[in-house]
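Here is the structure we will look at, set down as structure tokens.
Values quoted throughout were computed directly from the atomic coordinates according to the rules given, and no laboratory measurement underlies them. In this text, all values refer to a predicted model and were calculated from it rather than measured experimentally. Counting neighbours? That spans all protein chains shown, and the Cβs are built from the backbone with ideal geometry, glycine included.
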Amino acid sequence: MKIGIIGAGNLGLSIAQGLLISDKITTLHLTKNKISSIKEYDEIENVIVTNNNLLAVENSDIIIISVQPNIALKILDEIKDSIGENHIIISTITGLKISSIEKVLGNNKKIIRSMPNTAVSVRKSLTCICSNETGKDYLDLCVSIFNSIGKTIIINESKMQSATVMCASGIAFWMRIIRAMAQGGVELGFEAKDSLEISYRTAEGAINLLKTNKSHPEEEIDKVTTPSGCTIKGIIEMENKGLSSAIIHGLISSYGKINKIK
Ligand SMILES: NC(=O)c1ccc[n+]([C@@H]2O[C@H](COP(=O)([O-])OP(=O)(O)OC[C@H]3O[C@@H](n4cnc5c(N)ncnc54)[C@H](OP(=O)(O)O)[C@@H]3O)[C@@H](O)[C@H]2O)c1
């Protein structure tokens, strides 16, 4: 596949890194303003680094647009005359509706809206995608692209703001939870480095229990909570301090904010 990424910043480059270790790419064009900061990519076979967005569009079948929301319409306007009916346009831009993209490019173009997270760089993103009417036959192709850098779920566009909070901001939320466990471990006497490793590897173990056993978290909790034991004591204290409530209200607050962003 010939893929162009317009906006090779944090997310665009993470997608590039994930795609480069998959076998999906024939050519990969990466664009940004200050190309000197990613010049090492130019040395990779079949990767072209440029600040010429039109060059990337004209030499790619799939265009991933990953610029900041405030310049999204300007970029779409810049490339619109080079977008043909065979191109597949994938936007990662937070808050930019498909209808706004259609207004610039036309509703006869295949448009996919996606919400990945930065774990694309290690091929572990959970990416939610949806499409316009013209693009719906290409959703499976886009699922296969995003599955090469993680796992993909097709959703209704009305859920995209929730997906942004859960998937994209979710990385930051999980980092705080892992950090809190690590800090607690230091208080219990571990060196910071060991404590961090214990924290994230235990999280990894918990996740793999859910994935392998296809169980509910509460079932796994029951297996480790001895009656009147130390685990239930810790859970009660964490909930007493608002653990679940803090997380749920954090998500709701984040969702409230994203809905105010124009
Ligand atoms: N980061 C995430 O986890 C995440 C997750 C989901 C969705 N998103 C969304 O994805 C988009 C990108 O996010 P990000 O975190 O990757 O932002 P970012 O790091 O700021 O990257 C944006 C990139 O766009 C480039 N750019 C600016 N003007 C350009 C132009 N005229 N032509 C081509 N490239 C241009 C910038 O290059 P220069 O620095 O050289 O100007 C920069 O590398 C945003 O809309 C964001 O909301 C991000």
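If contacts are Cα pairs under 8 angstrom and at least 6 residues apart, what is the relative contact order of segment 2-155 in percent?
Numbers: 324 pairs, mean separation 34.0, N = 154.
Relative contact order, segment 2-155: 22 percent.
Please find, in a Gaussian network model of the chain (springs between Cα atoms separated by less than 10 Å), the residue of T118, T202, T27 whose mean-square fluctuation is greatest.
The residue that fluctuates most here is T202.
Given contacts defined as C-alpha pairs under 8 Å and at least six residues apart, what's the relative contact order of the chain, whole-number percent?
Details: 397 pairs, mean separation 35.0, N = 262.
Relative contact order, the chain: 13 percent.
For the cross-link pairs K151/K214; K74/K103; K109/K136; K97/K136; K24/K136, which exceed 19 Å when the distance is taken from alpha carbon to alpha carbon?
Numbers: K151/K214 16 Å; K74/K103 13 Å; K109/K136 11 Å; K97/K136 16 Å; K24/K136 21 Å.
Beyond 19 Å between Cα atoms: K24/K136.
Taking Rh as the Kirkwood radius computed over C-alpha pairs, what is the Stokes-Einstein D of segment 6-68 at 37 °C in a medium of viscosity 0.692 mPa s, expressed in µm² per second? All intermediate terms of the calculation are to be shown ahead of the outcome.
Numbers: Rh = 11.6 Å.
So the translational diffusion coefficient is about 284 µm²/s.
Could you work out which residue, out of I149, I89, I38, moves most in a Gaussian network model of the chain, that is, has the largest mean-square fluctuation with Cα springs under 10 Å?
I38
What FRET efficiency, computed as 1/(1 + (r/R0)^6) with R0 = 30 Å and r the Cβ-Cβ distance, is obtained for D42 and S22, rounded to the nearest 0.05? Kindly include the intermediate steps, with their values, before the conclusion.
Working: r = 20 Å, r/R0 = 0.67.
The computed FRET efficiency comes out at 0.90.
Give a quick list of trypsin sites (Lys or Arg not before Pro) in segment 100-191 that DSSP marks as loop, anything other than H, G, I, E or B, with at most 15 other Cβ atoms within 10 Å. Write down the numbers at each step before the final one.
Numbers: sites: K103, K109, K110, R113, R123, K124, K136, K151, K159, R176, R179; in loops: K109, R123, K124.
Taking segment 100-191 and a limit of 15 other Cβ atoms within 10 Å, the loop trypsin sites (Lys or Arg not before Pro) found are K124.
Would you calculate a helix-derived [θ] at 222 nm for the chain, using -39,500 (n - 2.57) for each DSSP H run of n ≥ 4 and dividing by the full residue count, to the nearest 500? Before the final figure, lay out each step's value.
Working: 11 runs with 123 residues, N = 262.
Helix-only estimate at 222 nm: -14500 deg cm²/dmol.
Of the residues N51, N117, N213, which exhibits the maximal mean-square fluctuation in a Gaussian network model of the chain defined by a 10 Å Cα contact cut-off?
Comparing N51, N117, N213 in a Gaussian network model of the chain, the most mobile one is N213.
Net charge around I111, counting only other residues with Cβ within less than 14 Å of its Cβ (Lys, Arg = +1; Asp, Glu = -1)? Don't skip to the answer; put the middle values down first.
On the way: positive: K80, K97, K103, K109, K110, R113, K136; negative: E85, E102, E133, D137, E157.
My count for the surroundings of I111 gives +2.
Averaging the inverse of every distinct alpha carbon separation and then flipping it gives the Kirkwood radius. What is it for segment 118-262, in angstrom units?
Values: mean 1/r = 0.0558 Å⁻¹.
Kirkwood hydrodynamic radius for segment 118-262: 17.9 Å.
Starting from the coordinates of the alpha-carbon atoms of segment 2-155, obtain the Kirkwood hydrodynamic radius over all distinct pairs and give the value in Å to one decimal. Write out the running numbers ahead of the final one.
Details: mean 1/r = 0.0663 Å⁻¹.
Across segment 2-155, the inverse of the average 1/r is 15.1 Å.
Starting from the alpha-carbon convex hull of the chain, give the projected area averaged over all orientations, in nm².
Details: hull surface 65.0 nm².
Quarter of the Cα hull surface area: 16.2 nm².
Can you give the net charge of the other residues whose Cβ lies under 10 Å from the Cβ of G18, counting K and R as +1 and D and E as -1? If you can, show how the numbers build up before the last one.
Working: positive: K24, R123, K124; negative: none.
Counting the neighbours of G18, the net charge comes to +3.
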